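Have a look at the structure below, then the notes.
The values are calculated or read from the model by the stated rules, or taken from the named source; none is laboratory data. Everything numeric in this text was worked out from a predicted model, so none of it was measured. Glycine gets a Cβ as well: all are built from the backbone with ideal geometry, and neighbour counts include every protein chain shown.
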Amino acid sequence: MKTSQFLSGSMVVAMMAAEVISWGWQWYLTRTFYTGVLANCALVCVLKYTKETLWRARGLKDSALLSLYVTTLYVGLQAPHEVSGGILSTVFFLISVSQKFLVSLVIVVVLDKVRF
């Protein structure tokens, strides 16, 4: 796949939508804008590649399932570092997990629906 075929306007829209959700969700936290944009760009690239080569998401149900798998991967990698044994850290981690699911779902849906 050539770079010109991989990059698209829908990727920009998906990244902006993910950033809006991240800012709206985490308004109470101090969040660095540039690292958030960089992380969302990486997530958009990974999800676009996965959606185009490995997983043909044809509807909202397939998009939600792909987002659930990506979120489960995040939980498996990040839970040992975030959950420190207390109930409060577990609750905060589950809130973070739900935000990651929502961001990845919006990215996949925007990549599927927006064409230009």
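Listed values, structure above:
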| item | result |
| --- | --- |
| Within the range 25-70, tally of residues that are among the polar types (S, T, N, Q), loosely packed, with under 13 Cβ neighbours inside 10 Å and at pLDDT 85 or above | 1 |
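For every residue, the table says whether it meets (1) over 30 Å from residue 9 (Cβ atoms); (2) among the aromatic types (Phe, Trp, Tyr); (3) touching a Phe, Trp or Tyr at 6+ places or on another chain (Cβ under 9 Å); (4) not in a helix (DSSP H, G or I).
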position	(1), (2), (3), (4)
53	no, no, no, no
68	no, no, yes, no
75	yes, no, yes, no
79	yes, no, yes, no
84	yes, no, no, yes
90	yes, no, no, no
99	no, no, yes, no
107	no, no, no, no
